[in-house]
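Input: a single structure, listed below in structure tokens.
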Amino acid sequence: MNFHLVWGCDPSLQFESTWIRFLLSGRISSELSAFTSTEDLHLLEDSDHIYLVESGLNRLRKAVSNDELFLHDRSRQIRLGLLNFDKLTVIHLSDEEGFDGDTFYSLIPQSVPIFRNFYHTRFSNQSNITTFPIGPRNIFLPPSHSEFSSNSLQRTYPWSFMGTLWPSGSRTLAVSTFLRTLPHGYYFGGESFASGLPLSEYRQILLNSDFALAPEGDRHLDTFRLWESFSCGCIPIVVDFNDTVTSLLPNYPLPTYSSWARALDHVLETFTVPSIIQDMHFQSQYWWHQYMISLRHSFFNPP
């Protein structure tokens with residue numbers, strides 16, 4: 001059987017595209033484009049298994065019109081009509097609010113596995129839906145990650161945060177809490193999303209940080225920063241106000257926190273005994289590598 005990755009959205013607009021390719025690497029025979037034309041779908045055999053990637057980005061746009069949404073949904077219906085549901089796995093990206101899933105999932109039989117970003121309680125009863133993380137961006141993925149060290153003794157900064165301090169969420173509280181007590185951490189604020197440090201510099205700071213503040217994004221704890229910290233051997237500090245961390249970090253061996261003050265207290269404790277930080281780095285890295293293996297396995301052996 002051949003496995004094909006079919007893009008029902010423009011991969012150049014999806015930050016997760018390299019992550020998807022990594023998770024499916026070793027099994028995919030080819031990549032096909034079906035977001036502007038369905039001609040390539042006619043080349044597929046009935047016995048081929050398709051991984052169809054769809055995106056909910058359109059429904060996150062502030063000025064999208066009803067006509068645009070109609071054309072988006074119609075294009076998707078045409079794609080689905082050309083595919084064999086018995087040989088289909090759907091990968092659904094960027095549906096942060098769940099609005100795209102509300103319209104999309106009714107088009108798919110419940111026998112079709114769906115892997116989606118961003119957990120939502122209203123989809124929790126659908127046994128064919130598995131949530132997977134948005135993952136790190138391209139320069140943080142193997143093989144480059146093999147150079148990352150878990151040796152905390154070689155790291156310059158006790159903590160770092162690089163990103164926009166939005167009015168919503170707890171980013172300002174996180175940064176101010178740590179700056180007040182550990183001012184020799186690294187902080188860089190951007191004016192808007194993706195407007196801060198170049199990605200290579202951002203990566204270098206994480207490689208030189210023991211901990212990374214990993215507050216929630218605009219809507220979820222699942223952020224690129226979280227997974228990129230893991231990829232750089234940097235321990236993410238996660239404060240979970242909404243009890244969602246268990247599903248996001250299954251069987252994670254290190255503490256997560258109920259407040260930034262508690263997180264700071266624990267970080268200060270760890271610096272009194274260097275061996276504790278060394279052990280935390282090792283546990284964090286081991287968990288991340290095992291988790292990537294289990295994620296790759298799940299895409300070819302869905303529940």
Which GluC sites (Glu not before Pro) in segment 186-239 sit in a loop by DSSP (not H, G, I, E or B) and have at most 14 other Cβ atoms within 10 Å of their own Cβ?
191
Within the chain, which whole H helices from DSSP have a Cα span along their axis of at least 30 Å and a mean Kyte-Doolittle hydropathy of -0.5 or more, if any?
274-300
Of the candidates 249, 294, 266, the farthest towards the positive dipole end of segment 217-303 (Lys/Arg Cβ +1, Asp/Glu Cβ -1, centred on the Cα centre) is 294
Of 162, 280, 292, which is the most mobile in a GNM of the chain whose springs link Cα atoms less than 10 angstrom apart?
292
For a test of the definition: using alpha carbon positions, the gyration tensor, and the 1.5 limit on a/c, classify segment 164-263 as rounded, prolate or oblate.
rounded
Dipole magnitude (debye, nearest 20) for the chain, charges at Cβ of Lys, Arg, Asp, Glu:
460 debye
At 222 nm, what helix-only mean residue ellipticity would the chain give, in deg cm²/dmol to the nearest 500, using -39500 (n - 2.57) for each DSSP H run of four or more?
-10000 deg cm²/dmol
Once each part is reduced to its C-alpha centroid, what is the distance from segment 94-131 to segment 1-47 in angstrom?
19 Å
Highest-MSF residue in the chain out of 113, 253, 136 [GNM, Cα springs under 10 Å]:
253
Restricting segment 14-62 to GluC sites (Glu not before Pro) in coil, as DSSP defines it, with at most 11 other Cβ within 10 Å
45
Protein accessible area in the chain, 1.4 Å probe - carbon and sulfur %:
52 percent
Mind checking the per residue accessible area of segment 188-303 for me, 1.4 Å probe, whole number of Å²?
45 Å²
So, with points 7 Å from each Cα along the Cβ direction, the residue 266-residue 39 label distance in nm works out to 5.5 nm
Extension gain (nm, one decimal) between residue 25 and residue 127, 0.36 nm per residue minus Cα-Cα
34.2 nm
Note the full-extension length gain between residue 294 and residue 47 as 0.36 nm times their separation in residues minus their Cα-Cα distance, in nm to one decimal.
86.3 nm
Output for segment 1-102: chymotrypsin sites (Phe, Trp or Tyr not before Pro) sitting in coil per DSSP, at most 16 other Cβ within 10 Å, listed by number, reads 15
Given the options 231, 127, 209, state which has the largest fluctuation in a GNM of the chain using a 10 Å cut-off (strictly under) for Cα springs.
127
Multiplying the sequence separation of residue 62 and residue 240 by 0.36 nm and subtracting their Cα-Cα distance, what value in nm do you get?
61.3 nm
Which cross-chain or sequence-distant (5 or more) residues have an amide H under 5 Å from the amide H of residue 88, H modelled 1.01 Å from N in plane?
50
With +1 on the Cβ of every Lys and Arg and -1 on the Cβ of every Asp and Glu, and nothing else charged, how large is the dipole of segment 1-104 about its Cα centre, in debye rounded to the nearest 20?
140 debye
Taking a 1.4 Å probe, which of 17, 258 shows the most accessible area, and what order do the others take after it?
258, 17
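The values are calculated or read from the model by the stated rules, or taken from the named source; none is laboratory data. Everything numeric in this text was worked out from a predicted model, so none of it was measured. Note: ideal-geometry Cβ built from the backbone for every residue, glycine included; neighbour counts use all protein chains shown. The accessibility values were calculated without ligands, DNA or RNA, using every heavy atom of the protein model including side chains. Shrake-Rupley method; radii C 1.70, N 1.55, O 1.52, S 1.80 Å.
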